[in-house]
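The values are calculated or read from the model by the stated rules, or taken from the named source; none is laboratory data. Everything numeric here is computed off the predicted structure, so don't read it as measured data. With ideal geometry, Cβ positions are generated from the backbone for all residues, glycine too; neighbour counts draw on all protein chains shown. Keep in mind that these areas ignore ligands, DNA and RNA; they rest on the heavy atoms of the full protein, side chains included. Shrake-Rupley method; radii C 1.70, N 1.55, O 1.52, S 1.80 Å.
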Amino acid sequence: MKICLFGGTFDPPHLGHLIIAQTVCEAESFDKIVFMPSLNPPHKTEHNITPIAQRMEMLESVVKDNPRFEISDLEIERGGTSYSIDTILEFKKKY
């Protein structure tokens, strides 16, 4: 199975995210796009980020109609600062 990890704050998730995900999915023949919301992105140290529960709800509502889109809570469950390399290594171990 060919999987693409799509990480971001998704605050809020918007049409641009969906267009990018769909375009990459089709262009590269991915079986699935896994949206990976960041709990604590290292490049956004402001405290103006919407709480993760609300960002997850918003993300769920925008990806629910695409069977090739999924959401992972891997970074949320891990906690701490979300670094891409840690996420990729953990995802590979798990899946």
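Points worth noting:
- Summed over segment 81-95, the residues that are among the small types (Gly, Ala, Ser) and open to solvent by less than 60 Å² (accessible area, probe 1.4 Å) give a count of 1.
- Filtered residues of segment 17-57 (kept if among the hydrophobic types (A, V, I, L, M, F, W, C) and in contact (Cβ under 8 Å) with a residue 24 or more places away in the chain): Leu18, Ala21, Cys25, Phe30, Ile33, Val34, Phe35, Met36, Leu39, Ile49, Ile52
- Qualifying positions in segment 1-33 - aliphatic (A, V, I, L, M) and open to solvent by 30 Å² or more (accessible area, probe 1.4 Å): Met1, Ile3, Leu5, Leu15, Leu18, Ile19, Ile20, Val24, Ala27
- In segment 34-80, the residue that is nearest to Thr23 (Cα to Cα) out of those that are of a type in the set (Ser, Thr, Tyr) and open to solvent by less than 60 Å² (accessible area, probe 1.4 Å) is Ser72.
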